[in-house]
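K.L.:
Pasting a structure here, questions to come.
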């Protein structure tokens, strides 16, 4: 792998873009599932809370937490990747709580 390829991969990992970004986001979910699940378990979100998450990616690992918040809860995600932010919006928008995903530079 040459330096240009390594830089392209590093850029996708830091701010996924396009179809390749969606694929990277899915792979990141697979690799981060255990630690994220344990963190949410320890964090123990409750109904009606307001939660802000930095870098939710495509939202797949946040679904259970968002579902727990219920109709009076609020979830705010701040995601640097526009592609991942849109994926998170689509994935999390059907929940009872208020879901607001912001994208762009942090």
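K.L.:
With the structure loaded, tell me whether residue 43 is over 13 Å from the mean Cα position of the chain (by Cα), modelled with pLDDT under 90, loosely packed, with under 12 Cβ neighbours inside 10 Å and more than 15 Å from residue 84 (Cβ to Cβ) or whether it fails that test. Walk me through it before giving the result.
P.N.:
On the way: over 13 Å from the mean Cα position of the chain (by Cα): yes; modelled with pLDDT under 90: yes; loosely packed, with under 12 Cβ neighbours inside 10 Å: yes; more than 15 Å from residue 84 (Cβ to Cβ): yes.
The answer is yes for residue 43.
K.L.:
To continue, here is another question. Tell me, which helices (runs of 4 or more DSSP H) lie completely within region 9-92 with 1 or more residues that are in contact with a strand residue (DSSP E or B) (Cβ under 8 Å, 6 or more places away or on another chain)?
P.N.:
Working: elements: 18-43, 63-69, 82-92.
Here the list reads 63-69, 82-92.
K.L.:
Residue by residue through region 46-62, note down the ones that are surrounded by fewer than 17 Cβ atoms within 10 Å (Cβ to Cβ), within 16 Å of residue 90 (Cα to Cα) and in contact with a helix residue (DSSP H, G or I) (Cβ under 8 Å, 6 or more places away or on another chain).
P.N.:
Result: no residue meets the conditions.
K.L.:
Right, here's the next one. Any residue in region 14-29 that is at positive phi and free of Cβ contacts under 8 Å to residues at least 24 places away in the same chain? First the steps, then the outcome.
P.N.:
Going residue by residue through region 14-29, those that are at positive phi are 18.
Filter once more, so that each one left must be free of Cβ contacts under 8 Å to residues at least 24 places away in the same chain: none.
No, region 14-29 contains no residue that is at positive phi and free of Cβ contacts under 8 Å to residues at least 24 places away in the same chain.
K.L.:
Something else: Could you tell me which residue of region 1-36 is modelled with the lowest pLDDT, considering only residues that are within 24 Å of residue 51 (Cβ to Cβ) and loosely packed, with under 13 Cβ neighbours inside 10 Å?
P.N.:
Only one residue fits best here, namely 14.
The values are calculated or read from the model by the stated rules, or taken from the named source; none is laboratory data. Given the structure is predicted, the values throughout are model-derived calculations rather than measurements. No Cβ is skipped: glycine too gets one built from the backbone with ideal geometry, and neighbour counts run over all protein chains shown.
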